[in-house]
1. When only residues in region 195-211 that are within 19 Å of THR7 (Cα to Cα) and touching a Gly at 6+ places or on another chain (Cβ under 7 Å) count, which is surrounded by the fewest Cβ atoms within 10 Å (Cβ to Cβ)?
2. Taking only pairs six or more apart or across chains, which ones have beta-carbon atoms under 8 Å, a first residue in region 21-41 that is free of Cβ contacts under 8 Å to residues at least 24 places away in the same chain and closer than 19 Å to ARG160 by Cα, and a second residue that is surrounded by 20 or more Cβ atoms within 10 Å (Cβ to Cβ) and among the aliphatic types (A, V, I, L, M)?
3. Pick from LEU182, LEU202, LEU244, LEU237: which is touching a Ser or Thr at 6+ places or on another chain (Cβ under 8 Å), aliphatic (A, V, I, L, M) and either over 15 Å from VAL90 (Cβ atoms) or assigned to a helix (DSSP H, G or I) (or both)?
4. Given the criterion part of a loop (DSSP other than H, G, I, E, B) and free of Cβ contacts under 8 Å to residues at least 60 places away in the same chain, identify the matching residue among HIS229, HIS218.
5. Which residue out of ILE235, ILE172, ILE243 is at pLDDT 95 or above and in contact with a helix residue (DSSP H, G or I) (Cβ under 6 Å, 6 or more places away or on another chain)?
6. For ALA167, are the conditions met, namely being out of contact with any helix residue (DSSP H, G or I) (no Cβ under 8 Å at 6 or more places or on another chain), surrounded by 15 or more Cβ atoms within 10 Å (Cβ to Cβ) and within 25 Å of GLU41 (Cβ to Cβ)?
7. Within region 128-137, count every residue that is over 18 Å from GLU14 (Cα atoms) and buried (at least 16 other Cβ atoms within 10 Å of the Cβ).
8. Please go through (1) in a loop (DSSP other than H, G, I, E, B); (2) surrounded by 18 or more Cβ atoms within 10 Å (Cβ to Cβ); (3) among the aliphatic types (A, V, I, L, M) for LEU20 and return the number of the only condition it doesn't satisfy.
Amino acid sequence: MCLHGFTDTWRTWELVLPALERHHDVLAPTLLGHAGGPPLEGEMSGGLIPDAIERAMDEAGFATAHLVGNSLGGYVALQLAARGRAESVVAFAPAGGWAKGDQSFLQTLDFQATMQEQLKAAAPHADAIVGTAAGRRRATQFLTTNFEHIPAALLAHQMRGVAACAALRPMIDYAGREGYNLDAENITCPVRIVWGTDDKLLAWPSAAERFRNDWLPHADWVQLQGIGHCPQLDIPLETAQLILGFTAR
C-alpha cells in the first residue's frame, strides 16, 4: 500500500511501481480530498484519512499490508500501523514530527497554501512550463534535487493535482488547531524512516524531532545525503530498493 503526500496524487509512485509490482500486489490510492480521490465530506478530523484508507484496504481484501508513505502519507501509514493494519512501514519524510512547542510547522502549512494559489494560476500552462528544463526545475524545486529523469507529463499532472486539492484548506485549518499526534506505543511492526538531508519542505532533522526522540527512536533510520522531500521521484531505483529490502525481512 503506497500513500502519497499532501496535495499529491497516487501517480507520485509511478517511477517505483514497476519494481514493487514484481514482488507485491500493490494498491496506490489517491487520498481523500485530493485530486482524483474520494471527496472530503463532513467535518475534518484526525481519523478521517486513515479511516478511508482502512476502507480501501478492506475492499481490496488487505487485512494488513506493507505500508509505504511519503510526507502526509508516511504519517497516515504510521497511524494505520498503530491500528494494527501494517506488516511493516517505510515512511519517507513523514509529516507531524516537529518537536512539542515548535511552531514552525505553521509556516510550512502557510507555505503549502501559498504554493497552491501560485499553482492555480500556473496549472493552465503546466504543459508549457514543464516543456523546458528550466520549467521542470521550477516545478520540482521543493520536491527533489534530481529532476532530469522525471517525465514532463508526470510533473504537469502533479502541478494540476496541487491546484485541484480540495482538502488543502480544511486540513491546514485542522492541523493548525490540533497539531499532530501518534499512538506510537501501539506500533509493533518493523518501521523504517527515510529522510533526505536536502528536504526543503520538512527540513532534516528538525521536522523529524518527535519521531527520533519520542515516538520511534528505535526505528531503522536512513539518511539520504543531498536528496529532497520525495525520494520516489528523486531517486526511484534507490527508493524501490529501500522498500523491497525492508519488506523482504
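The values are calculated or read from the model by the stated rules, or taken from the named source; none is laboratory data. Keep in mind the model is a prediction, meaning the values are calculated, not measured. When we count neighbours, we look across all protein chains shown, and the Cβ atoms used for this are built from the backbone with ideal geometry, even at glycine.
1. LYS200
2. Correct list of pairs: PRO38/LEU32.
3. Details: LEU182 fails: touching a Ser or Thr at 6+ places or on another chain (Cβ under 8 Å); LEU244 fails: touching a Ser or Thr at 6+ places or on another chain (Cβ under 8 Å); LEU237 fails: touching a Ser or Thr at 6+ places or on another chain (Cβ under 8 Å).
Every option except LEU202 fails the conditions.
4. When all the criteria are applied, what remains is HIS218.
5. On the way: ILE235 fails: in contact with a helix residue (DSSP H, G or I) (Cβ under 6 Å, 6 or more places away or on another chain); ILE243 fails: in contact with a helix residue (DSSP H, G or I) (Cβ under 6 Å, 6 or more places away or on another chain).
After ruling out the rest, the residue left standing is ILE172.
6. On the way: out of contact with any helix residue (DSSP H, G or I) (no Cβ under 8 Å at 6 or more places or on another chain): yes; surrounded by 15 or more Cβ atoms within 10 Å (Cβ to Cβ): yes; within 25 Å of GLU41 (Cβ to Cβ): yes.
Yes, satisfied.
7. The qualifying residues number 2.
8. (1)
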